[in-house]
């Protein structure tokens with residue numbers, strides 16, 4: 001497969017389409033990003049790397065960081081994690097409170113805001129210095145010491161995070177959060193503010209295409225079984241109430257963020273990151289979704 005030519009062709013095609021999305025203006029700092037940014041980068045198991053467009057520009061990865069938080073929590077507490085958070089698709093928006101009452105405060109999956117808040121609580125209870133320990137973990141598994149939080153974006157989210165405050169307090173009322181909700185939310189805003197480029201994202205997530213083993217260091221970041229489960233969750237829950245649509249049209253495990261980024265994994269093949277800030281109505285990158293649909297259709301490479 002000539003990925004370079006295919007990516008260039010698909011990139012040029014999608015770049016020219018009318019972008020019907022809108023930036024995540026409810027987070028003021030994200031609304032300031034140039035909406036015309038568009039980047040793609042692929043990293044493969046056999047160490048082919050290629051990118052185009054704004055693939056080296058850093059952006060706020062937002063909910064993509066929920067995967068990294070989940071991985072660290074899974075490493076620490078193992079299968080006990082699934083007593084705190086479910087593994088089912090929700091069919092509701094990422095910041096919905098609807099199902100929490102019926103489910104007695106246990107979020108349907110770790111990629112909803114409610115689920116990521118519970119995962120953040122798990123990390124807060126198990127890490128000595130959560131903010132420092134988390135960024136050190138991400139730097140280590142990515143072999144990239146330059147990765148950093150954005151205090152500006154974290155504060156911007158905190159300033160308007162009324163629904164997340166409601167989620168945190170509601171979950172706490174069921175006894176499903178151990179720490180103070182305000183402390184949990186501050187950590188949650190920090191991890192969502194991580195800034196990375198498409199290149200950095202695809203290189204970091206490549207271990208999920210390699211049975212949990214880092215290509216660069218040969219370190220086992222997750223067991224093969226754990227890696228399979230993380231990929232399964234990304235397949236079924238990684239795009240909120242558009243997860244089924246993504247599985248149908250793209251056919252890869254993946255995770256999106258409201259910063260306009262998407263990471264997608266083809267087990268035993270590659271990790272590909274796309275960034276375009278304008279979002280569709282479900283909160284996923286409009287051009288990013290279109291690119292990945294066209295890419296897997298033309299390459300005839302998906303998990304199905």
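The values are calculated or read from the model by the stated rules, or taken from the named source; none is laboratory data. Since this is a predicted model, take the numbers as computed values, not measurements. All Cβ positions, even for glycine, are placed from backbone atoms using ideal geometry, and neighbour counts span all protein chains on display.
Considering each of 259, 283 in turn, give the residue that is within 14 Å of residue 62 (Cβ to Cβ) and crowded, with 24+ Cβ neighbours inside 10 Å.
Residue meeting the stated conditions: 259.
Take the conditions exposed (fewer than 15 other Cβ atoms within 10 Å of the Cβ) and either under 20 Å from the mean Cα position of the chain (by Cα) or more than 24 Å from residue 201 (Cα to Cα) (or both) and apply them to residue 74. Does it pass?
So residue 74 fails the test.
Just to be sure before I move on: is residue 144 assigned to a loop (DSSP other than H, G, I, E, B), assigned by TED's automatic domain parsing to the domain that holds residue 73 and on the phi < 0 side of the Ramachandran plot in the structure I sent?
Yes; evaluated as a whole, the condition is true for this residue.
Which of the residues that make up region 39-65 are part of a loop (DSSP other than H, G, I, E, B) and over 19 Å from the mean Cα position of the chain (by Cα)?
Across region 39-65, the qualifying residues are 45, 46, 47, 48.
Considering only region 226-241, state which residues are within 14 Å of the chain's Cα centre (by Cα) and either closer than 17 Å to residue 96 by Cβ or at pLDDT below 95 (or both).
Of everything in region 226-241, those that are within 14 Å of the chain's Cα centre (by Cα) and either closer than 17 Å to residue 96 by Cβ or at pLDDT below 95 (or both) turn out to be 236, 237, 238, 239, 240.
Pick from 51, 91: which is modelled with pLDDT under 95 and either surrounded by 21 or more Cβ atoms within 10 Å (Cβ to Cβ) or assigned by TED's automatic domain parsing to the domain that holds residue 187 (or both)?
Going through 51, 91 in turn, the sole match is 91.
Report yes if some residue within region 159-167 is under 21 Å from residue 84 (Cβ atoms), in a helix (DSSP H, G or I) and in the same structural domain as residue 52 (by TED's automatic domain parsing); otherwise report no.
No, that holds for no residue.
Which ones in region 171-185 are buried (at least 18 other Cβ atoms within 10 Å of the Cβ) and part of a helix (DSSP H, G or I)?
171, 172, 181, 184, 185
I'm told residue 205 meets every condition in (1) touching a residue at least 60 places away in the same chain (Cβ under 8 Å); (2) crowded, with 21+ Cβ neighbours inside 10 Å; (3) outside the structural domain of residue 118 (by TED's automatic domain parsing); (4) over 12 Å from the mean Cα position of the chain (by Cα) except one. Can you identify the failing condition by its number?
Of (1) touching a residue at least 60 places away in the same chain (Cβ under 8 Å); (2) crowded, with 21+ Cβ neighbours inside 10 Å; (3) outside the structural domain of residue 118 (by TED's automatic domain parsing); (4) over 12 Å from the mean Cα position of the chain (by Cα), only one is false for residue 205: (4).
Give me the residue from region 112-139 that is closer than 20 Å to residue 174 by Cβ and either more than 15 Å from the chain's Cα centre (by Cα) or assigned by TED's automatic domain parsing to the domain that holds residue 221 (or both) and, out of that set, surrounded by the fewest Cβ atoms within 10 Å (Cβ to Cβ).
Only one residue tops the list, namely 125.
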